[in-house]
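Undergrad: Before I ask anything, here is the structure I am working with.
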Amino acid sequence: MKSNYLRRVLTLTLLLSCLACQMAIAKPSASKDKKKPAESWRGVHLFVASDEAVDDLSESLTNLTAVGINTIILEVGYNFEFKSHPELRSGRNPVTRAHARKLAAVARKNGVRLIPELDCLGHQSWKKSDHPLLRVYPQFMEPIGTNTDTNGAHLHSWCPQQKKVYPIIFSLMDELMEAFDADAFHVGMDEVFCIASDKCPRCKGADPAKLYAKAVNDLHKHIVGKRKKEMLMWGDRLLDSKALGYSKWEASRNGTHGAIDLIPKDIVVCDWHYEKSTNYPSVPLLLEKGFRVWPSGWQPLEATKAFSAFSLAEKNPRLVGYLVTAWSRANVRTAATWPPLVEVMKDWKK
């Protein structure tokens, strides 16, 4: 009896000793136990409207990574060889799947994240013509009303309560995400001036904030809910122009800003401002609301440096990094040498 008891004690002691050894091996040292800070999103927004532009970007990726870029917003728009809705293809030489996949492979090799963009709700036209969606389906347009800001009347929108538009847009998004092997999608949503038109039978008298939020939420349900991807959007329509002191382009004066409290907080809000200032109150506001924020500057150099410095000083983990929007001032070939991008990325690479 005594020998059996001693044998059991010895066996238990050995087991506990082995377990302690395994735990010691598995436990990281105190210096490694601390979480490494997430790498900042060092981004550039570029137009990519043809296979030629895609190939040029493939060749320019090493130059872009050399200055610090690790994320690229690809504004492809309707310039893609869509199969689900070929009637919506734009341009003589739209981007093909083969070239998009080739770029995606090069991006992965260089550690660059590609996020395609298709403008949603607003920006469905420019000064001289509508973009393909409203050209092919004019019944989707939110009519210009007497309550529409005339300065933005050339930026047509689709009606947020037109149910037939969303299945079409979702199909286009799915094709772009698949072609570029993307884990996120940028939906635009900026500069929406025509909403809650008093000439729209569906939207007349409705709250612009609720209509705008409906569009955001419908897109979110598809991108995040169904496709399990990350969703990004421009933030100007979530901001109250009068309260924050921003222009009507970078913040809302037509009542959409109330949507800030009606949309999911897992959306990454790209907060763009192009004027030099000592204070950008939208950044702390959006952070306090619970969003992840991606400050987005353009030019001149001093303005984007000021916005970058202000954003860096926030030291908030939900401020994901900095995005440089090149627009017409730089393209896929010249972006890596464009001063606003080169200079600002120096601070975010540290």
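Undergrad: I need the fraction of alpha carbon pairs in the chain separated by more than 31 Å, rounded to a whole percent. Please list the in-between numbers first.
TA: Values: 23791 of 61075 pairs.
Value for the chain (Cα pairs over 31 Å): 39 percent.
Undergrad: Once amide H atoms are placed 1.01 Å from N in the peptide plane, what residues at a sequence separation of 5 or more from Cys270, or on another chain, have their amide H within under 5 Å of its amide H?
TA: Placed amide hydrogens put Met233, Trp234, Gly235, Trp294 under 5 Å from Cys270.
Undergrad: Now, a different point. Within a Cβ distance under 12 Å of Val224, other residues only, what is the Lys/Arg minus Asp/Glu net charge? Could you put the intermediate results ahead of the total?
TA: On the way: positive: Lys221, Lys226, Arg227, Lys228, Lys229, Lys265; negative: Asp183, Asp218, Glu230, Asp266.
Neighbour charge sum, excluding Val224 itself: +2.
Undergrad: Ok, one more. Considering only DSSP states other than H, G, I, E and B, which GluC sites (Glu not before Pro) in the stretch 201-305 qualify as loop sites with at most 16 other Cβ atoms within 10 Å? Don't skip to the end; give the middle numbers.
TA: Working: sites: Glu230, Glu250, Glu275, Glu288, Glu302; in loops: Glu250, Glu275.
Here the GluC sites (Glu not before Pro) that fit, given the DSSP loop and packing criteria, are Glu275.
Undergrad: Holding the Cα-Cα limit at 25 Å, pick out from Lys128/Lys210; Lys127/Lys248; Lys164/Lys221; Lys210/Lys276 the pairs that are longer than that.
TA: Values: Lys128/Lys210 30 Å; Lys127/Lys248 18 Å; Lys164/Lys221 16 Å; Lys210/Lys276 32 Å.
Listed pairs above 25 Å: Lys128/Lys210; Lys210/Lys276.
Undergrad: Continuing with this model, one more query. Once the Cα atoms of helix 97-109 and of the chain are each reduced to a long axis, what angle between those two axes, in degrees from 0 to 90 to the nearest 10, is obtained?
TA: Roughly 40 degrees between the two axes.
Undergrad: Next question, about the same structure. Among residues other than Trp348 whose Cβ falls under 12 Å from its Cβ, what is the net charge (Lys/Arg +1, Asp/Glu -1)?
TA: Details: positive: Arg42, Lys305, Lys346, Lys349, Lys350; negative: Glu39, Glu343, Asp347.
So the environment of Trp348 carries a net charge of +2.
Undergrad: How large, in Å, is the stretch 115-271 by the Kirkwood hydrodynamic radius built from its alpha-carbon pairs?
TA: Values: mean 1/r = 0.0640 Å⁻¹.
For the stretch 115-271, inverting the mean 1/r across all distinct Cα pairs yields 15.6 Å.
Undergrad: Could you pull out every residue, at least 5 positions away or on a different chain, whose amide H is within less than 5 Å of the one on Ser252? Hs are placed 1.01 Å off N in the peptide plane, and Pro or chain starts have none.
TA: Under 5 Å from the amide H of Ser252 lie the amide H atoms of Leu239, Asp240, Ser241, each far enough along the sequence or on another chain.
Undergrad: OK, next. For the stretch 224-231, just list the computed ³J(HN,Hα) in residue order, Karplus coefficients 6.51, -1.76 and 1.60, θ = phi - 60°, integers in Hz, with x standing in for Gly and Pro.
TA: Result, rounded to whole Hz: 8, x, 8, 8, 6, 9, 8, 10.
Undergrad: Per 0.36 nm of contour for each residue apart, how much would the distance between Lys210 and Arg329 grow if the chain were fully extended, relative to their Cα-Cα spacing? Display every interim value, and only then the final one.
TA: Details: separation 119, 0.36 × 119 = 42.84 nm, distance 3.53 nm.
The span from Lys210 to Arg329 would gain 39.3 nm if fully extended.
Undergrad: Could you state the angle between the C-alpha long axis of helix 208-220 and the longest principal axis of the C-alpha atoms of the chain, as a value from 0 to 90 degrees rounded to the nearest 10?
TA: Its long axis makes an angle of about 50 degrees.
Readers should treat all values here as calculations from the given coordinates under stated rules, not as data from a laboratory. The model shown is predicted, which means the values in this text are computed figures rather than measured ones. Please note: Cβ atoms are built from the backbone with ideal geometry, for glycine as well, and neighbour counts cover all protein chains shown.
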